[in-house]
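Below you'll find the structure, written out as structure tokens, and then a few comments.
The values are calculated or read from the model by the stated rules, or taken from the named source; none is laboratory data. Computed from a predicted structure; not experimentally measured. With ideal geometry, Cβ positions are generated from the backbone for all residues, glycine too; neighbour counts draw on all protein chains shown.
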């Protein structure tokens, strides 16, 4: 009977997580092509895809990190907004439970939605 985790029992010792993603990518690549009869065809398809692709200018390649950083920043803002909403809802629920424990009556929370006519007055 073997002991240890799956990563400890592999041929390649994975004591560090530094190369784990690359190792798993290689493993999946080989596993998916284990029954392939013509292994050179994969290389040929790659060459055909590269030749048939549109050119990729250096300026566009340089612009990508800035676009990715902006997308990451926007995503972080959305995640933080969601966390704030969850914290507010959790605080509201805790206050409601505390009030009920003290015997106070608690009305359910309803967001007030104002229409434009009421704001104009």
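Just a few scattered comments:
- All of 54, 72 fail the test of being at pLDDT 85 or above and assigned to a loop (DSSP other than H, G, I, E, B), apart from 54.
- Unmet requirement for residue 98, which otherwise passes all of (1) surrounded by 10 or more Cβ atoms within 10 Å (Cβ to Cβ); (2) modelled with pLDDT under 85; (3) in a helix (DSSP H, G or I): (2)
- Criterion (closer than 30 Å to residue 106 by Cα and either over 19 Å from the mean Cα position of the chain (by Cα) or at pLDDT below 85 (or both)) met by exactly one of 88, 42: 88
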